[in-house]
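Notes for the one structure printed next.
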Amino acid sequence: MEGQAACFALLLCITVAASASSQTCDPTKVSDNPWVHMKESLKGCWTSFIGEDQAEVHILNFEFTTDTKVIELQFTNAMPMNLILTTPHTAYGLYNISADVNIYINNDSKIALFSDRPGNIHKQDFPTQDEELVKWAKQKFGGVTSFTTIRNLKSITTMGIKGTKPGSPFCILKNEDAFEKHFMKIEKTTQASFKYCSPQQQNRSDEAELHIINIPEKAITRNVSLHVDTEKSSLFLRGPQGTTWTFLALKHTKFVSNNDILLPAMTHRMPPTYTTNRDNAEDVQRMALEYFKASTFTSYTELELEESMVSLVLGKKDNPAITETVPVTAITTNAPHQMPLLMQLYTSPDYRSPLDPNTKVQSDKRIYAEISGQTLGDIFLTIKVISCFVRSMGSCPVEKELPFMPETCSLNSCPNSTRLSFSLDQLQELTSTTWDLECSVKLCYSEKCGDGGRVKRNLKVTQPCLQPPTPPCFVFGLLGVLGIAFGGFLIGVLLIGALWFIKIKTGYPTALDISSTAANLPGCPCSGAKRQPVSTIPSPSENSSANASIGSTQSTPTSSMA
């Protein structure tokens, strides 16, 4: 019985030990890391210069850290160019070029070129130092189209397109990524530059990936640029004192480091989150698991590079977003450093009932919006809205600036978010009903702000239902009725008085006299009127005598009127 118990305890210890060991892994040198890829940042330039002879001027500077120093140049479909080759190493080159390509090498160059066009190779005495070589090329050809430094080159193939870049024609050397020059395809010889491992126990599909990058204390690398192309990931960074990690792209990533972290969008340097000088692989892995409260991690990468400045891409190698071949057609994308933002609309200031994107809102209603973003590691950023616009979605697009009003919100209620409200009154006169609402924001941390990009949201607007105007209803009280009656009585008295005044002053018959006279006329149908006897028609002689008497009467003034 005691033996069975001892056996059970031994099996339990073995199981626990196996479980503990499965959480860590031993890194080995690899030439192909499935998660972390290096993008070298070496000296170069890229301009819009074209010579007076319509030929481009390109300088290729080769560096080698491997034993294989054989290069291949495929320039059969190249644009007319003057190609300057330089290297401090002994190298051999096989090349196929078109008749419009002239190659220049130094008299003391250690490059041996083999081709069927030896007449296109020109040996000249020119400087080999980078800046001095650029000055020499400018004096001889008028300028430089590109200067490219390539380490461990295997082959270069031209893409048959112009090698110029819009912008300045002046070559100013700086650190760059040679793979961004889309007019040529570069293939390099891979070398073991990483130590890599992955534990047996992997994350579940619903868990965030945990990636660990460690720079040993003896390494000379001190500046690392990171392009993070993974979703839902956590990043544990460790390096010697004085190391700086610069995030050039960040997608829903939480991170922690014992070194300074630089976010170029805000030009802000964040201090270390923890301190340690232990660089042992197992110690670093356990620290990462403990910090993120994780049971396992996705990848562990240890840098063994001879450069002080490197650029890394974190993401699956089969991810098309991180392939090293740059397409010929330029694709416009959002700035890589921008944090993903989300805008949610509400119809009430309590921000409880989100507005469905397909719901139409009346233009006379006030709309409330909340703009939120993801956290950067353990850092809480403040979102500041700069401006908002609405753009119609019809065939004749209309853009209008949308005034907004900031809404109060506590830090506990709105972590990494901000609230605002706006009115759609100015859209009442427009016929479009579908709009794009877009706001430009800044991300702020410790009173330092940087460009946060833009956030969009579609918005459907309907005009308010206008009721026809109701005619006014006048209500009169007792005083109003008495006033109207007295006014009518007074007007009647005044009119009668006016008629009486006209009668006594002018002698002309008034309307009352005319009506009474008309009542006494023969044949008047009015009841109560006295009918006068009708006289007979006088004879002609009587008419004449009557007319004579009338005429004499009109000509002689009457004494009675006098």
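The set of residues in segment 188-227 being open to solvent by 20 Å² or more (accessible area, probe 1.4 Å), at pLDDT 90 or above and out of contact with any Cys (no Cβ under 8 Å at 6 or more places or on another chain) consists of 195, 196, 217, 218. Would you mind telling me which numbered condition in (1) open to solvent by 10 Å² or more (accessible area, probe 1.4 Å); (2) in a strand (DSSP E or B); (3) in contact with a Cys (Cβ under 9 Å, 6 or more places away or on another chain) residue 300 fails? Result: residue 300 fails condition (1) only.
Condition check ((1) open to solvent by less than 20 Å² (accessible area, probe 1.4 Å); (2) over 29 Å from residue 68 (Cβ atoms)) across all residues:
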| residue | (1), (2) |
| --- | --- |
| 123 | no, no |
| 133 | yes, no |
| 141 | no, yes |
| 153 | yes, no |
| 161 | no, yes |
| 165 | no, yes |
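Cβ-Cβ contacts under 8 Å between residues 6 or more apart (or on different chains), taken from a first residue in segment 210-222 that is more than 19 Å from residue 197 (Cβ to Cβ) to a second residue that is open to solvent by less than 10 Å² (accessible area, probe 1.4 Å) and at pLDDT below 90, are listed as 221/303; 221/310. Evaluated against (1) within 20 Å of residue 49 (Cβ to Cβ); (2) assigned to a loop (DSSP other than H, G, I, E, B), residue 99 falls short on exactly one condition, (1). So which residues in segment 217-241 are of a type outside the set (A, V, I, L, M, F, W, C) and touching a helix residue (DSSP H, G or I) at 6+ places or on another chain (Cβ under 9 Å), if there are any at all? Of everything in segment 217-241, those that are of a type outside the set (A, V, I, L, M, F, W, C) and touching a helix residue (DSSP H, G or I) at 6+ places or on another chain (Cβ under 9 Å) turn out to be 227, 229, 234, 238. Taken over segment 453-479, residues that are surrounded by 11 or more Cβ atoms within 10 Å (Cβ to Cβ) and modelled with pLDDT of 75 or more amount to 10.
Being surrounded by 13 or more Cβ atoms within 10 Å (Cβ to Cβ), touching a Cys at 6+ places or on another chain (Cβ under 6 Å), of a type outside the set (D, E, K, R) and modelled with pLDDT of 85 or more: is that true of residue 24 here? So residue 24 does not fit the description; no.
Conditions tested, residue by residue: (1) of a type in the set (A, V, I, L, M, F, W, C); (2) closer than 30 Å to residue 213 by Cα; (3) crowded, with 22+ Cβ neighbours inside 10 Å.
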residue	(1), (2), (3)
34	no, yes, no
68	no, yes, no
85	yes, no, yes
89	no, no, no
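Within segment 156-201, the residues that satisfy the criterion of being hydroxyl-bearing (Ser, Thr, Tyr) and over 37 Å from the mean Cα position of the chain (by Cα) are 189, 190, 193, 196, 198. Within this structure, residue 109 fails the test of being under 47 Å from the mean Cα position of the chain (by Cα) and of a type outside the set (Val, Ile, Thr).
Yes/no matrix, rows are residues, columns are (1) assigned to a strand (DSSP E or B); (2) touching a Leu at 6+ places or on another chain (Cβ under 8 Å):
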{"site": "160", "(1), (2)": "no, no"}
{"site": "166", "(1), (2)": "no, no"}
{"site": "182", "(1), (2)": "no, no"}
{"site": "201", "(1), (2)": "no, no"}
{"site": "213", "(1), (2)": "yes, yes"}
{"site": "221", "(1), (2)": "no, yes"}
{"site": "226", "(1), (2)": "yes, yes"}
{"site": "246", "(1), (2)": "yes, yes"}
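Among the residues of segment 72-95, write down those that are farther than 25 Å from residue 143 by Cα and either part of a strand (DSSP E or B) or without any contact (Cβ under 8 Å) to a residue 12 or more places away in the chain (or both).
Correct list: 72, 91, 92, 93, 94.
All conditions in (1) modelled with pLDDT of 80 or more; (2) open to solvent by less than 80 Å² (accessible area, probe 1.4 Å) hold for residue 337, with the sole exception of (1).
Restricting segment 226-262 to residues that are over 17 Å from residue 33 (Cα atoms) and hydroxyl-bearing (Ser, Thr, Tyr) leaves a set whose member that is farthest from the chain's Cα centre (by Cα) is 243. Candidates in segment 348-372 are the residues that are at pLDDT 85 or above and farther than 18 Å from residue 408 by Cβ; of these, the one that is least open to solvent (accessible area, probe 1.4 Å) is 355. Looking only at residues of segment 284-297 that are in a helix (DSSP H, G or I) and of a type in the set (D, E, K, R), we find that the one that is least open to solvent (accessible area, probe 1.4 Å) is 286. What number of residues within segment 42-66 satisfy the criterion of being open to solvent by less than 30 Å² (accessible area, probe 1.4 Å), out of contact with any Pro (no Cβ under 6 Å at 6 or more places or on another chain) and of a type in the set (Ser, Thr, Tyr)? Number of matching residues: 1. Just to be sure, is residue 142 over 17 Å from residue 89 (Cα atoms) and at pLDDT below 95? It is false that residue 142 is over 17 Å from residue 89 (Cα atoms) and at pLDDT below 95.
Under the condition of being at pLDDT 90 or above and out of contact with any Ser or Thr (no Cβ under 6 Å at 6 or more places or on another chain), the residues counted in segment 169-183 number 7.
The values are calculated or read from the model by the stated rules, or taken from the named source; none is laboratory data. This one's a predicted model, so the numbers in the text were calculated from it and none came from an experiment. As a convention, Cβ positions derive from the backbone with ideal geometry for all residues, glycine included, and neighbour counts pool all protein chains shown. Just the protein is used for accessible areas: all its heavy atoms, side chains included, with ligands, DNA and RNA removed. Shrake-Rupley method; radii C 1.70, N 1.55, O 1.52, S 1.80 Å.
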